[in-house]
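Working notes, beginning with the structure itself.
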Amino acid sequence: MSAKKKIGRLIPYPVIENGRKIINFGPKRCQVCESPIRQMQDAGYGFEVLERLQVVGGLKRFADKCPVCHSSSRERLVWFWLSQGGRGFRFPDTARIAHFAPEKGLTKRIRDAAPANYTAYDFDPSRYRHLDHLEQADLSGLHLPDNSVDLLICNHVLEHVPDVAVALGEIFRVLAPQGVAILQVPIALKLDKTIELPLSSTPQERVQLLGQDDHLRLFTAADYPAVLAAAGFEVELFDPFEAETALATRWQLDPFEKLHLCRKLV
Ligand SMILES: [Zn+2]
C-alpha cells in the first residue's frame, strides 16, 4: 500500500467524502449520488487495446465520472433503469437485494430505497471503506440459499473470476424465480471471438490482450448474451436511448452501453 493510501486510511471515510463535496462543489449534479459538482472527471484507462477493440465499459470517457461518488456512465445506466422506470423493477419493500462488488454511489441509493433487505458482498471486504458492513463471498461457491435474492447486482466482476460458468451457475441458483440479475462486463464491439486467457497468463499479457492486468476474458457483444442464456437466464438488453432518448442524453449515458437484464423465469 502506498504512503498516500496509508495516510488516507487513517481518516474516517465520511470526512473524506465531505471533503470531496466541498472541493468539487458547483452548479452541476451527479445523477447517482445527487452531489452538486463543478465538473465530471475523465474515466477509463486509455490502453491501446481498449480503443482498438472499442471496449464498452473500458474505453476512456471524458468528463464522465463524479468526483464525489466516482460513478461513471456505467453506474448511471444501472441507476437509470432502477429509478426511471426502465421496465421492470420497482423496489418493493420486501425485495431481497444482493450487491456484489458494491459501487459507492449505487450502494447509497439502493440501500436508501430498500434498507431492510440490502446486503453487500465482496471477495475481499477489506477493499471497501464506504460501507460499515460487507459480507465475504466467493462466486465460485456462495453461502446464500437457493432462490433467496430478488435483485442481484454484480457489475464488472465476471471478467475476473476463474470460471465464468461456475459463477453464473451460482448466481442463477441464488436468484429467486422472477428475480433480476444485472451483470455488466466490458464488451468489445470490434472483436470477432471472445478471448479467454488461462489463470497462468501474466499481467502483461492481460493488459496487452484484454486491457486490464486482472481480467481473464473479454466478451464480444454477441457472445456475452449467449453465455448468460446458456446459464439459464432469459436475457433482455435494455437500451436507454431507445426507451427514453431525451432523458438518456441528459443523464450523459454511454450510447453504446446496454444493460444486460438476466431473469430467472423458472
Ligand atoms: Zn456522484
Breaking point among (1) closer than 22 Å to Ala63 by Cβ; (2) over 20 Å from the mean Cα position of the chain (by Cα), for Asp254
(2)
Matching residues, segment 31-56, being open to solvent by 20 Å² or more (accessible area, probe 1.4 Å) and away from the ligand (no atom under 12 Å from the Cβ):
Arg38, Gln39, Asp42, Gly44, Tyr45, Gly46, Phe47, Glu48, Glu51, Arg52, Gln54
Mind listing whichever residues of segment 68-81 are open to solvent by less than 10 Å² (accessible area, probe 1.4 Å) and either free of Cβ contacts under 8 Å to residues at least 12 places away in the same chain or under 20 Å from Glu236 (Cβ atoms) (or both)?
Ser73, Arg76, Leu77, Val78, Phe80, Trp81
If we scan segment 75-82, do we find a residue that is within 14 Å of the ligand (Cβ to nearest atom) and at pLDDT below 90?
no
Pairs under 6 Å by beta carbon, first residue over 20 Å from Ala248 (Cβ atoms) and of a type in the set (Lys, Arg) in segment 29-40, partner more than 7 Å from the ligand (Cβ to nearest atom) and not in a strand (DSSP E or B), six or more apart or different chains?
Arg38/Asn24; Arg38/Gly26
Collect the residues in segment 117-140 that are assigned to a helix (DSSP H, G or I) and either of a type in the set (Ser, Thr, Tyr) or within 16 Å of the ligand (Cβ to nearest atom) (or both), keeping them in residue-number order.
Ser126
Would you mention how many residues in segment 100-113 are surrounded by fewer than 18 Cβ atoms within 10 Å (Cβ to Cβ) and small (Gly, Ala, Ser)?
1
Check Lys65, Lys21, Lys28 and return the single one that is within 16 Å of the ligand (Cβ to nearest atom) and crowded, with 17+ Cβ neighbours inside 10 Å.
Lys65
Filter pass, Phe47 being under 28 Å from Tyr224 (Cβ atoms) and in contact (Cβ under 8 Å) with a residue 12 or more places away in the chain:
yes
Hey, among the residues in segment 92-116 that are in a loop (DSSP other than H, G, I, E, B) and not polar (S, T, N, Q), which one's nearest to the ligand (Cβ to nearest atom)?
Glu103
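The values are calculated or read from the model by the stated rules, or taken from the named source; none is laboratory data. Please read these numbers as outputs of a predicted model, since none were measured by experiment. Reconstructed Cβ throughout: ideal geometry from the backbone, glycine too, with neighbour counts over all protein chains shown. Just so you know, the surface numbers come from the protein's heavy atoms only, side chains and all, with ligands and any DNA or RNA stripped out. Shrake-Rupley method; radii C 1.70, N 1.55, O 1.52, S 1.80 Å.
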